[in-house]
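The values are calculated or read from the model by the stated rules, or taken from the named source; none is laboratory data. Predicted model only: the values in this text are computed from it and were never measured. Every residue, glycine among them, receives a Cβ derived from its backbone with ideal geometry; neighbour counts consider all protein chains shown. Calculation scope for accessible area: heavy atoms of the full protein, side chains included, ligands and nucleic acids excluded. Shrake-Rupley method; radii C 1.70, N 1.55, O 1.52, S 1.80 Å.
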Amino acid sequence: MTHIWPGRIFVSCHPMDLGDVRLRVVSYTEGEARAVVVDANTGKRRREILTVSLHPTAQTRAGKTRLTGYAPAGEDEAPADLTKPEGIEKDWFDGLPGRRFLVRLPPGLDLLNANDRLHHHQRAQKTRALRQAARFASRGLPKLDRVHVIGVFHPQDRRRRDPANWYPSFKALLDGLVDQGVIEDDDHTRLVGPDMRIGEVAAGARLALHIRDISPLTWANTSIPGEILARRSLPPHRMPIE
């Protein structure tokens, strides 16, 4: 069903619910009879739901308002944001040139960890779900020729973690950017990164892609990885806050 994808929010059509019952799709494989969902407001109560109850619109083909099942929330309630990293968001590219964009993925998605020991079918299903979620979350982003990407994992608590373990998840997200046409490919001629970081605690845990547009002139005249390493080699009292 083309109207169902990971991260999309559905609202109850039952008149007694008054729009307060909202579900977020966590994972779904095209053609399957069930999708995994959580409560959109809390990220809790993970369960499976029949896809026939997730309607493409709030009206029937006859134009009548549906009284059962769930319909997509408005576009203004999209589960991911696409903005410049301003306000409370840390600027991970502090001091570097180029336009910045932020793609937030919804909390509660099934993430891939390098330490997971999954059957290849399970891994493929999770990869496909993350890729679809990133494609949806990056809609509206302009086409970018070359980019530097920092992938930030926002954990649900403050335990120590190795952010590099989530590389398989970030790789799937980059493939979603390619699917959306944001970048033509994620090879070394167009992409620097993803550099992985741990961000602030977020309920349900979530991933975010911080994207910096690199101009052709900057790409041609600067060794981008070297530029990053040079910043890391500054004396402690001169290092930018990361």
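With the simple model of a label 7 Å out from the Cα in the direction of the Cβ, ASP213 to GLN59 spans 3.7 nm.
Counting only protein heavy atoms and a 1.4 Å probe, the range 108-178 has 50 square angstrom of accessible area per residue. The string of couplings for the range 184-193 from the Karplus curve (6.51, -1.76, 1.60, θ = phi - 60°) is 6, 7, 10, 8, 5, 7, 10, 9, 10, x Hz, one whole number per residue in order, with x for Gly and Pro.
Just tell me which lysines come within less than 24 Å, Cα to Cα, of LYS171; anything on the same chain fewer than 8 places away is out. Within reach: LYS84, LYS90, LYS126, LYS143. Under a no-solvent Debye model with one identical scatterer per Cα of the range 1-45, what's log10 I(q)/I(0) at q = 0.26 Å⁻¹? With no solvent term, the Cα-only Debye profile gives -0.93. Taking amide H as placed 1.01 Å from N in the peptide plane, VAL147 has its amide H under 5 Å from the amide H of LEU191, VAL192, ILE214, each at least 5 places away in sequence or on another chain. Between HIS120 and ASN41, the simple spin-label model (points 7 angstrom out along Cα→Cβ) gives 4.4 nm. Three principal axis extents of the range 127-223 based on alpha-carbon atoms, in descending order, are 41, 28, 19 Å. Its Cα centre serving as origin, the range 122-193 has a Cβ charge dipole (Lys and Arg +1, Asp and Glu -1) of approximately 420 debye.
Cα centroids of the range 125-194 and the range 1-42: how far apart, whole angstrom? Centre-to-centre distance over Cα atoms comes out at 23 Å. The accessible-area ordering, largest first, of the residues TYR28, TYR70 stands as TYR70, TYR28, per a 1.4 angstrom probe. What the phi angles of the range 104-111 give under the Karplus curve with 6.51, -1.76 and 1.60, with θ = phi - 60°, is a coupling list of 9, 8, x, x, x, 6, 6, 9 Hz, glycine and proline written as x. Using the Karplus relation 6.51 cos²θ - 1.76 cosθ + 1.60 with θ = phi - 60°, the per-residue 3J(HN,Hα) values for the range 60-69 come to 6, 5, 7, x, 8, 6, 6, 10, 9, x Hz, with x marking Gly and Pro.
A simple count of charges around GLU184, restricted to other residues whose Cβ falls under 12 Å of its Cβ and scoring Lys, Arg +1 and Asp, Glu -1, yields -2.
According to the calculation over all Cα-Cα pairs in the range 103-172, the P(r) per 5 Å bin from zero is 3, 13, 24, 25, 17, 12, 4, 1 %. Legend: Rg and Dmax of the range 125-164, from Cα coordinates, 13.7, 37 Å.
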